[in-house]
Amino acid sequence: MSVRSYPRLLLPAAAIFSIVATPEGAAAYRPPSESSARAPNRQSSPAIELTGPSVPPREAQRPTLMLAHAIVVRTSPAQGGVGAEDIGKVEVWYDAGIRDAFTALAVVSAAGERVDKRDAAIDSADPSHVSVSVNRLTPGKYTVRYRALSADGHLVSGAWEFEVRP
């Protein structure tokens, strides 16, 4: 279908919406008995009883698989928080397990120097937990950059900051 044919399709749709959207137009689509003015004491029509299917639903053939992007639920040190000089490691927890491929966790000083030991790893007991070791940190601000591959195959990344005070 060409782009030029879209206006021809939109005109009839716009006409229908404009007729139905007005009270006068809506009356034109009612059966003749309802077209007349409504009386204030008019009784409502009987309610329609809704029932479920007459045949019970079939059992599911396989379990439903729900997939979503991984979301950071906790960090250590906390986002915008204060960390100790001898913290030892920086950690992040996601709301679900993540895949090993493309996992990264880097700690960068305010001067732009990487201060982690480049050993980011997923916890073998908890696949939603990733940590990276750091040497003793000097007072200042640090940025933690993370990247993870969600169970659904989407790459998530971001950053948070924390501060080390003397």
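Structure above, values below:
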| read-out | value |
| --- | --- |
| Conditions (1) among the hydrophobic types (A, V, I, L, M, F, W, C); (2) under 19 Å from residue 74 (Cα atoms); (3) out of contact with any Lys or Arg (no Cβ under 8 Å at 6 or more places or on another chain); (4) buried (at least 19 other Cβ atoms within 10 Å of the Cβ): number failed by residue 137 | (2) |
| The stretch 116-166 - residue that is part of a loop (DSSP other than H, G, I, E, B) and hydrophobic (A, V, I, L, M, F, W, C) and, of those, farthest from residue 96 (Cα to Cα) | 137 |
| Which listed residue is at pLDDT below 95 and of a type in the set (Ser, Thr, Tyr), from 133, 124, 109 | 124 |
| Residues satisfying the stated conditions in the stretch 140-157, i.e. farther than 23 Å from residue 109 by Cβ and either exposed (fewer than 15 other Cβ atoms within 10 Å of the Cβ) or not small (Gly, Ala, Ser) (or both) | 149, 152, 153, 154, 155, 156 |
| Unique residue being farther than 16 Å from residue 76 by Cα and surrounded by fewer than 16 Cβ atoms within 10 Å (Cβ to Cβ) when the list is 101, 121 | 101 |
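The values are calculated or read from the model by the stated rules, or taken from the named source; none is laboratory data. Remember, it's a predicted structure, so these values are computed and weren't measured experimentally. Note that each Cβ is placed from the backbone with ideal geometry, even for glycine, and that neighbours are counted across all protein chains shown.
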